[in-house]
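Worksheet: the structure to be examined is printed underneath.
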Amino acid sequence: MKNPRSQIAIVALAVLLPVLLVLGIWLGGHPSDLPGFARKALVADNGSLVVGEAIERINHDYYRPVSKASLSSSSIAGMVSSLHDPYSSYLTPQEYKGFDQPASFAGIGVEVNPKPTPTGLEVVHVFDSSPAQRAGLKPGDVIVAVNGRSLRGVPPNTSTALIKGPPGTDVRLTLAHRGSSRRTVIVMRAVISEPVVASAMRTHKGVKLGWVYLATFSEGSHGELYDAVKGLLKAGAKGIVLDLRANGGGLVSEARLVASIFIASGTIVTTRGRTQPTIVLTAAGGAIPTRIPVVVLVDHDTASASEIVTAALQDHHRATVVGTHTYGKGVFQELEPLSGGGAIKITVGEYYTPSGRNLGGSGVKEGAGVTPEVTVAHGVDTEHGLEVALRTLAAKVG
């Protein structure tokens, strides 16, 4: 026969446990209501407690409603901002969901010179299989009027807004080209996804040369670039211009694989971090023959993974660099998801070129970047920059 006292204790415990559980959950969300001695005993990090207390006070007492979720996001963003690191940032759940998605817009499929010209918008790149390409637009064309409206003196942002519009609608463009008379074309707008890789065969003084443009180092971009390079070589290209202008970087793993398209063996980049081991990334194999000359075309917006590739080709004497000093970023970041659905992108280490150079300037500051062998003093981001690169490449063809 069971002891009546033990039965009473079991019943009392069964009743008390749910109460303690509910109380614990409530106090977990209201740590400021704990007695001082309990706060010190149960909350290990006083700083975390203060942040939670501040969020609780604002949520409860502010003159208008503010959600705890927005306050938490702001506090995380503030912490990252306190690092004074231009490369580190906080992504809200919504921003993280759309992170690294290809940019898309309703337009005609051209990239224009962001710097204003006296008469209109200069086309610097035409996307493959785009409405603009089908209409015959070419780099060097200047869009001088849209639907009859002159673009003379119109800011570039306003001009591009006039060209964009609902998919399926037409836009009438008046074009001018150096040494040619003006012409008018009608282009049907479409939803444009900016391609990661673009390519074309160019000719300089009768020499067939391949041009490949890489927009970003996203997952799988090396495969697209490799296919484009092999296709150009199969079509008779005697050399390759790798265009990394305005490429702000991306995945270090992709940088290694892109460099491996041109470098047969050896170090591509070395990374070092405070909590991460030193890692030496070497060529993956499968490079194109070294007899094929290569030129890398860069500008000041060539950064991060783009600089890793450029410096590796330069250090291995595999390519001639043409353009301007690159951005000068010597650190790399990792994207770390958070439990609330957002993420933080933070600087976790520095990278070094095969010759041991760090292209940054003491941590997260801008450094000297990559110095080109052939400098383009003006107009590197226009067709002129590509012309210099093609001329340099043609001189290397044996």
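Some observations on this one:
- In nm, spacing of pseudo-spin labels at A77 and V280 (7 Å Cα→C-beta vector): 4.4 nm
- With all protein chains kept in place, the per residue accessible area of the range 208-331 amounts to 36 square angstrom at a probe of 1.4 angstrom.
- Listed residue pairs exceeding 19 Å between alpha carbons, taken from K138/K230; K97/K345; K205/K396; K345/K365; K138/K396; K68/K345: K138/K230; K138/K396; K68/K345
- Rg over Rh, two decimals, the range 318-398 (C-alpha only, Kirkwood Rh): 1.15
- FRET efficiency estimate (nearest 0.05) - Cβ-Cβ, A395 to S180, R0 35 angstrom: 0.80
- Cβ crowding within 10 Å averaged over residues, with 348-354, 180-186, 294-300 ranked highest first: 294-300, 348-354, 180-186
- Amide H within-cut-off set for V112, under 5 Å, with H built and near neighbours excluded: V124
- Mean separation of Cα contacts under 8 Å, 6 or more apart, over the residue count of the range 265-381: relative contact order %: 29 percent
- For the range 138-147, Karplus couplings with θ = phi - 60° (6.51, -1.76, 1.60), whole Hz, Gly/Pro x: 9, x, x, 5, 10, 7, 9, 7, 10, 6
- Relative contact order for the range 180-246, counting Cα pairs under 8 Å that sit 6 or more residues apart, in percent: 33 percent
- Sequence-separation-based contact order of the range 287-356, relative, with Cα cut under 8 Å and 6+ spacing, percent: 31 percent
- Between K68 and N147, the simple spin-label model (points 7 angstrom out along Cα→Cβ) gives 5.1 nm.
- Share of carbon and sulfur in the accessible area of the range 216-282 stands at 53%, probe radius 1.4 Å.
- Three-way shape call for the range 152-237 based on the alpha-carbon gyration tensor, with the a/c threshold at 1.5: oblate
- In order along the range 251-268, the Karplus-derived 3J(HN,Hα) couplings, from 6.51 cos²θ - 1.76 cosθ + 1.60 at θ = phi - 60°, round to 7, 5, 4, 6, 4, 4, 6, 5, 4, 5, 5, 10, 10, 6, 7, x, 6, 9 Hz, and Gly and Pro are given as x.
- Scalar couplings 3J(HN,Hα) for the range 306-319, obtained by applying the Karplus form with A = 6.51, B = -1.76, C = 1.60 to θ = phi - 60°, are 5, 6, 4, 5, 4, 5, 5, 5, 5, 5, 8, 6, 9, 8 Hz; x denotes Gly and Pro.
- Probing with 1.4 Å while keeping every protein chain in the model, the per residue accessible area of the range 114-189 equals 53 Å².
- Per-bin percent of Cα-Cα distances, the range 80-236 [10 Å]: 10, 30, 30, 22, 7, 1
The values are calculated or read from the model by the stated rules, or taken from the named source; none is laboratory data. Predicted model, so just to flag it, every value in this text is computed and none were measured. As a convention, Cβ positions derive from the backbone with ideal geometry for all residues, glycine included, and neighbour counts pool all protein chains shown. SASA here: full protein model, heavy atoms, side chains in, ligands and nucleic acids out. Shrake-Rupley method; radii C 1.70, N 1.55, O 1.52, S 1.80 Å.
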